[in-house]
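Down below is the structure, laid out as structure tokens.
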Amino acid sequence: MSTTEAHTDLPVFDHDFVQNLHAGFDRIRAATPVQRMVTRHGLEVWVITRYDDARAALADPRLSKKNDRMQEVIQAKLPADADRREFVDGLLEHMLNMDPPDHTRLRKLVVKAFNARRVEGMRSRIEEISAGLLDAMAEESEVDLLDAFAFPLPIQVISELLGVDESRRDDFRAWTNALVDAPDDSQQAAVAMAQYLVQLIEAKRREPADDLLTGLIEATEDEDRLSEPELISMVFLLLVAGHETTVNLIGNGVLALLRNPDQWAALVADPGLVPAAVEEMLRFDGPVMHGTFRHTAEPVEYGGVQIPAGEIVWVGLASANNDPDRFAEPGRFDITRDAHGHLAFGHGIHFCLGAQLARLEGQIAVRHLVERFPNLRAAGSLDDVQWRFSTLMHGLQSFPVRPGV
Ligand code: HEM
């Protein structure tokens with residue numbers, strides 16, 4: 001008997017919940033600090049809903065990220081998915097699925113190559129890529145903001161940063177989409193991506209370039225290096241994490257701005273407000289994740305609720321960032337508020353490695369949009385948007401807009 005059948009009384013993280021995310025989390029958070037819930041795959045999880053608990057949980061060493069432990073739990077509860085899971089395991093052996101000391105070792109190696117200098121070095125390319133995409137948008141009376149701008153910008157940036165051939169960038173988009181959103185196609189996508197990454201790493205070994213992938217190949221720490229499988233899973237992580245997230249930062253953020261025309265007008269009048277606006281966009285409707293998973297290595301207690309060992313804990317980032325005990329009137333989108341301390345990039349040892357890059361891309365994207373298209377409007381009803389149905393990502397299915405030039 002599946003957990004879904006066993007616990008029909010538990011709230012289910014289903015299509016309706018995703019469409020009304022904030023109302024659902026508000027209801028649950030007001031009722032309890034920790035709520036047992038069922039995911040769409042029938043997995044039972046313990047959702048941490050309040051800010052203080054979420055922040056503490058993200059930094060709690062008793063809550064493990066380790067993939068094989070998590071996989072055991074998932075496979076035990078989800079036998080139908082076992083084959084697919086086993087197959088993509090290699091790619092998932094990356095640092096976001098590891099605990100110290102393995103995590104510490106990999107993170108040290110990757111920050112040697114993926115550092116502030118390299119990100120800052122991308123600034124003028126991000127400006128150029130963004131401006132080029134907006135040039136093309138200006139030709140249209142109506143476009144999908146996601147297709148025309150929010151998707152291509154981060155994929156092009158992360159591909160250039162890594163040194164992925166231009167000809168393969170459409171494949172990358174298809175693969176990452178399949179991995180995140182289409183479980184039935186994800187096995188095939190994982191194989192295709194892994195095969196390509198093997199070739200790419202070989203090519204960079206033969207001909208080193210001034211890119212992140214070469215940096216990762218050459219990164220050393222006390223004579224330690226990334227092995228071949230570690231390189232592949234690291235690049236896989238960077239591509240998926242660096243692509244699907246920034247898209248939603250732009251999409252969800254522009255939605256919030258257009259739903260609050262006074263805030264849009266304030267940015268048009270003073271683009272100097274953009275960095276603060278991006279933080280509020282991250283807090284208000286962050287791109288990842290509805291939640292992020294951990295596994296209890298031992299029994300823990302949160303908000304007075306006992307969670308036994310061996311359970312899956314889901315830290316509700318979207319819920320924590322809208323907790324009225326931390327952010328006054330959280331449902332009000334206000335680009336002048338102090339949104340610092342939001343958990344959109346996580347917290348603790350797994351704090352987002354790409355936060356600096358994501359902020360840079362988000363800030364350039366929003367500044368370019370308000371400067372170039374001050375009369376940007378939604379083409380459809382702003383009350384009737386459709387959210388993608390994903391357990392991890394919080395993003396729109398599409399976002400038709402009129403650039404208004
Ligand atoms: C980790 C959010 C963009 C690379 C994380 C985590 C969050 C997050 C919440 C921690 C997950 C956890 O603790 O379970 C975001 C958001 C982004 C974004 C909201 C965009 C707005 C990026 C970009 C990159 C990236 C652009 C890379 C190019 C990573 C990596 C980790 C990570 C490598 C794992 C770090 C570790 O395990 O030590 N991200 N991310 N992210 N992110 Fe991001």
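Arg107 fulfils the conditions (1) of a type in the set (D, E, K, R); (2) closer than 19 Å to Leu213 by Cβ; (3) more than 14 Å from the ligand (Cβ to nearest atom) except for a single criterion, (3). Each residue in region 239-260 was checked for being modelled with pLDDT under 90 and hydrophobic (A, V, I, L, M, F, W, C), and 3 pass. Among the residues making up region 272-293, those that are within 19 Å of Ala150 (Cβ to Cβ) and in a helix (DSSP H, G or I) are Val274, Pro275, Ala277, Val278, Glu279, Glu280, Met281, Leu282, Arg283, Phe284, Asp285.
I'm checking my understanding of the structure. Among residues of region 274-317 that are more than 30 Å from Ile364 (Cβ to Cβ) and free of Cβ contacts under 8 Å to residues at least 60 places away in the same chain, which one is farthest from the ligand (Cβ to nearest atom)?
Gln306
The residue that is nearest to Thr246 (Cα to Cα), among those in region 281-328 that are of a type in the set (Phe, Trp, Tyr) and within 19 Å of the chain's Cα centre (by Cα), is Phe284. For region 89-103, give me each residue that is more than 8 Å from the ligand (Cβ to nearest atom), aliphatic (A, V, I, L, M) and modelled with pLDDT of 80 or more. Matches in region 89-103: none. Within region 351-363, is even one residue away from the ligand (no atom under 11 Å from the Cβ) and among the charged types (D, E, K, R)? Among the residues of region 351-363, not one is away from the ligand (no atom under 11 Å from the Cβ) and among the charged types (D, E, K, R), which makes the answer no. For region 210-269, what are the residues that are within 16 Å of the ligand (Cβ to nearest atom), among the small types (Gly, Ala, Ser) and part of a helix (DSSP H, G or I)? Hits for region 210-269 are Gly215, Ser233, Ala241, Gly242, Gly251, Gly253, Ala256.
Residue check: Ala31 meets all listed conditions (1) farther than 21 Å from Asn97 by Cα; (2) under 19 Å from the mean Cα position of the chain (by Cα) but one, namely (2). Kindly indicate the residue of region 35-76 that is of a type in the set (A, V, I, L, M, F, W, C) and assigned to a loop (DSSP other than H, G, I, E, B) and also modelled with the highest pLDDT among those meeting that condition. Taking the candidates together, the pick is Ala59.
For region 126-158, a residue qualifies if it is within 11 Å of the ligand (Cβ to nearest atom) and free of Cβ contacts under 8 Å to residues at least 24 places away in the same chain, but none of them does.
Can you find, within region 129-164, the residue that is modelled with the highest pLDDT among those that are in contact with a Ser or Thr (Cβ under 8 Å, 6 or more places away or on another chain) and not in a helix (DSSP H, G or I)? Here the answer is Asp144.
Given the structure, is Phe172 modelled with pLDDT under 95, touching a Lys or Arg at 6+ places or on another chain (Cβ under 9 Å) and among the aromatic types (Phe, Trp, Tyr)? It is false that Phe172 is modelled with pLDDT under 95, touching a Lys or Arg at 6+ places or on another chain (Cβ under 9 Å) and among the aromatic types (Phe, Trp, Tyr). Listed conditions (1) aromatic (Phe, Trp, Tyr); (2) at pLDDT below 95; (3) part of a loop (DSSP other than H, G, I, E, B) are all met by Phe333, apart from (2).
Here Gln188 meets each of (1) farther than 30 Å from Ala297 by Cα; (2) surrounded by 18 or more Cβ atoms within 10 Å (Cβ to Cβ); (3) more than 16 Å from the ligand (Cβ to nearest atom) with one exception, condition (2).
Determine whether Ile349 is in a helix (DSSP H, G or I), under 22 Å from the mean Cα position of the chain (by Cα) and surrounded by fewer than 18 Cβ atoms within 10 Å (Cβ to Cβ).
Numbers: in a helix (DSSP H, G or I): yes; under 22 Å from the mean Cα position of the chain (by Cα): yes; surrounded by fewer than 18 Cβ atoms within 10 Å (Cβ to Cβ): yes.
The answer is yes for Ile349.
Checking each residue in region 296-327 for being under 19 Å from Arg62 (Cβ atoms) and assigned to a loop (DSSP other than H, G, I, E, B) picks out Ala297, Glu298, Pro299, Gly303, Gly304, Pro308, Ala309, Gly310, Glu311, Gly316.
Annotation: of all residues in region 110-125 being assigned to a helix (DSSP H, G or I) and more than 11 Å from the ligand (Cβ to nearest atom), the one that is surrounded by the most Cβ atoms within 10 Å (Cβ to Cβ) is Ala113. Regarding region 321-337, can at least one residue be identified that is touching a residue at least 24 places away in the same chain (Cβ under 8 Å), within 16 Å of the ligand (Cβ to nearest atom) and either closer than 30 Å to Ser186 by Cα or β-branched (Val, Ile, Thr) (or both)? Scanning region 321-337 turns up no residue that is touching a residue at least 24 places away in the same chain (Cβ under 8 Å), within 16 Å of the ligand (Cβ to nearest atom) and either closer than 30 Å to Ser186 by Cα or β-branched (Val, Ile, Thr) (or both).
The values are calculated or read from the model by the stated rules, or taken from the named source; none is laboratory data. This one's a predicted model, so the numbers in the text were calculated from it and none came from an experiment. Quick reminder, even Gly has a Cβ in these numbers, built from the backbone with ideal geometry, and neighbours come from all protein chains shown.
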